[in-house]
Amino acid sequence: MIPATFEYHAPTSVQEATALLARLGDDAKILSGGQSLIPLMKLRLASPKYLVDINGLPGLDKIAESDGFLRIGGLCRESDLEESELIRTRYPLILDTCRVIADPIVRNLATVGGNLAHGDPANDHPATMLALGAEVVAVGGSGERRIPIAAFFTGPFTTALRTDEILVEIRVPIPPARSGGAYVKLERKVGDFATAAVAAQVALAADGTCARAGIGLTNVGATPIKAQRAEAALTGQRVDEAAIKRAAGLAAAAAEPAADLRGSVEYKTDLVRVLTARALHRALERASGPGR
Amino acid sequence: MLVKMTINGEKHEADVEPRLLLVHLIREVFRLTGTHIGCDTTHCGACTVLLDGRAVKSCTVFAVQANDRTLMTVEGLEQNGVLHPLQQGFVAEHGLQCGYCTPGMLMTSYAFLAKHKAPTEDDIRHAISGNLCRCTGYVNIVKAVQHAATAIAQGGS
């Protein structure tokens with residue numbers, strides 16, 4: 001399959017890239033890892049007139065903790081996350097997530113920034129970043145701004161990014177001690193989108209009650225879903241079986257899946273209930289375990 | 001647009017349209033037809049090549065993105081008439097039947113073994129999970145990669 005013709009630009013600085021995007025307007029698409037965009041172009045579901053390849057922008061591939069945040073560069077590859085000692089030892093929810101996105105070869109190119117900026121409710125990082133309470137750093141012609149992840153996904157394949165903006169970084173607040181998270185995804189086979197998936201992150205207070213809970217849902221709505229009522233039901237509570245069951249029910253109630261080849265509305269809704277309970281159990285186990 | 005790249009140690013250049021996919025440049029312009037096109041939809045991995053040492057699906061990369069970079073294709077495995085330990089492993093363990101997925105399997109495994117000297121069966125299965133084989137059921141492919149890991153540990157290349 002051959003994509004439609006386009007004009008190719010490969011800027012070498014963020015300023016040059018944002019100026020290009022401002023000039024080219026809505027006819028331009030940003031090429032990051034390309035693992036969603038290129039298949040769409042081959043199927044002619046997308047035929048942008050201009051491609052702005054941001055892979056040559058320096059300094060956007062870092063993974064580091066500073067100023068109270070885990071900072072992930074927009075061009076960081078999924079496989080970089082998977083191999084990062086920092087992610088492996090301190091961010092189990094992110095590690096779970098990056099290991100089930102597409103397949104290992106796709107993950108060598110696919111970027112974290114692209115996974116979010118594509119705005120696909122079937123992508124996996126959105127739910128995880130919702131659970132972690134992350135924020136997105138965007139740079140455009142008028143400078144840099146931070147967008148809370150809960151305000152980032154505005155519709156199917158639509159985000160709060162402006163035409164001339166590039167997602168340069170994702171900031172995750174460093175979780176306090178006694179935190180844990182897990183991502184549980186049901187997929188028909190490696191490389192498939194989730195039938196449904198749930199990201200859960202919990203922080204326990206000194207008395208063992210839940211100080212903070214984050215729950216994000218993948219591919220069960222027009223946008224990634226933050227299960228706020230389920231989160232609220234856990235906060236301040238002792239997280240026992242009854243509390244998990246209640247939260248799982250509330251997460252299922254927040255899901256708005258569509259029926260497709262992967263399952264019916266009823267099936268997917270109940271799947272969210274089951275996966276939420278599993279994700280919470282695993283997150284709690286990790287929060288109570290050694291280290292983080 | 002003029003693109004230059006090194007493939008298997010040799011310099012290549014071509015004038016390409018930006019929409020040309022890397023796999024078509026490799027096969028149809030440079031005539032390195034060992035790299036296969038399977039699904040053409042980023043699923044099967046038959047087109048896997050190494051781009052600066054990383055395994056990528058060359059049907060999902062534009063040729064212009066490989067400008068000034070270093071590639072390795074399945075033709076680069078054999079050195080001076082001697083098959084690479086991975087190729088020897090695929091022969092010894094019957095790691096292929098029709099052979100269509102094999103170039104991709106080899107390149108993925110090559111990049112994987114460069115980082116993992118003593119992989120477990122689970123590690124190998126995880127590593128090749130983006131390469132589809134419809135003949136073998138993967139059992140002999142896993143054995144072939146283990147065969148190569150052992151050979152390399154014992155002093156193969």
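Things to note:
- So B:Asn67, is it at pLDDT 95 or above and touching a Lys or Arg at 6+ places or on another chain (Cβ under 7 Å): yes
- For region B:28-35, the criterion of being within 22 Å of A:Val52 (Cβ to Cβ), assigned by TED's automatic domain parsing to the domain that holds B:Ala55 and among the charged types (D, E, K, R) is met by none of the residues.
- Some residue of region A:25-41 being acidic (Asp, Glu), surrounded by 24 or more Cβ atoms within 10 Å (Cβ to Cβ) and touching a residue at least 24 places away in the same chain (Cβ under 8 Å): no
- The residues in region B:107-155 that are basic (Lys, Arg), surrounded by 12 or more Cβ atoms within 10 Å (Cβ to Cβ) and within 13 Å of another protein chain (Cβ to nearest Cβ) can be counted, and the count is 1.
- Selection within region A:124-157 - touching a residue at least 60 places away in the same chain (Cβ under 8 Å) and exposed (fewer than 15 other Cβ atoms within 10 Å of the Cβ): A:Gly141, A:Thr154, A:Gly155, A:Pro156
- Matching entry among A:Glu65, A:Glu78, A:Glu83 (being within 14 Å of another protein chain (Cβ to nearest Cβ), loosely packed, with under 15 Cβ neighbours inside 10 Å and within 20 Å of the chain's Cα centre (by Cα)): A:Glu83
- Answer from A:Glu144, A:Glu169 - the residue that is of a type in the set (Asp, Glu), assigned to a strand (DSSP E or B) and over 14 Å from A:Leu116 (Cα atoms): A:Glu144
- Residues located in region A:227-258, provided they are under 15 Å from A:Pro121 (Cβ atoms) and of a type in the set (A, V, I, L, M): A:Ala227, A:Ala254, A:Ala255, A:Ala258
- Residues of region B:4-15 include none that is touching a strand residue (DSSP E or B) at 6+ places or on another chain (Cβ under 6 Å), buried (at least 23 other Cβ atoms within 10 Å of the Cβ), of a type outside the set (Phe, Trp, Tyr) and within 14 Å of chain A (Cβ to nearest Cβ).
- Filter pass, B:Gln88 being under 16 Å from the mean Cα position of the chain (by Cα) and either under 14 Å from B:Val49 (Cα atoms) or surrounded by fewer than 16 Cβ atoms within 10 Å (Cβ to Cβ) (or both): no
- Residue in region B:63-73 that is on the phi < 0 side of the Ramachandran plot and free of Cβ contacts under 8 Å to residues at least 12 places away in the same chain present: no
- Boolean, A:Gly113 is small (Gly, Ala, Ser), crowded, with 19+ Cβ neighbours inside 10 Å and either within 12 Å of another protein chain (Cβ to nearest Cβ) or on the phi < 0 side of the Ramachandran plot (or both): yes
- Within region B:16-52, the set of residues being more than 10 Å from every other protein chain (Cβ to nearest Cβ) and among the small types (Gly, Ala, Ser) comprises B:Gly34, B:Gly38, B:Ala46.
- Hits in region B:24-70 - residues which are among the basic types (Lys, Arg), within 22 Å of A:His9 (Cβ to Cβ) and part of a loop (DSSP other than H, G, I, E, B): none
- Looking only at region A:1-19, and only at residues there that are crowded, with 16+ Cβ neighbours inside 10 Å and more than 11 Å from chain B (Cβ to nearest Cβ), the one that is farthest from A:Asp164 (Cα to Cα): A:Pro11
- Members of region B:62-85 that are β-branched (Val, Ile, Thr) and in contact with a Pro (Cβ under 7 Å, 6 or more places away or on another chain): B:Val64, B:Val74
The values are calculated or read from the model by the stated rules, or taken from the named source; none is laboratory data. Since the structure is predicted, the reported quantities are computational estimates derived from the model, not experimental observations. Virtual Cβ from ideal backbone geometry, glycine too; neighbours counted across all protein chains shown.
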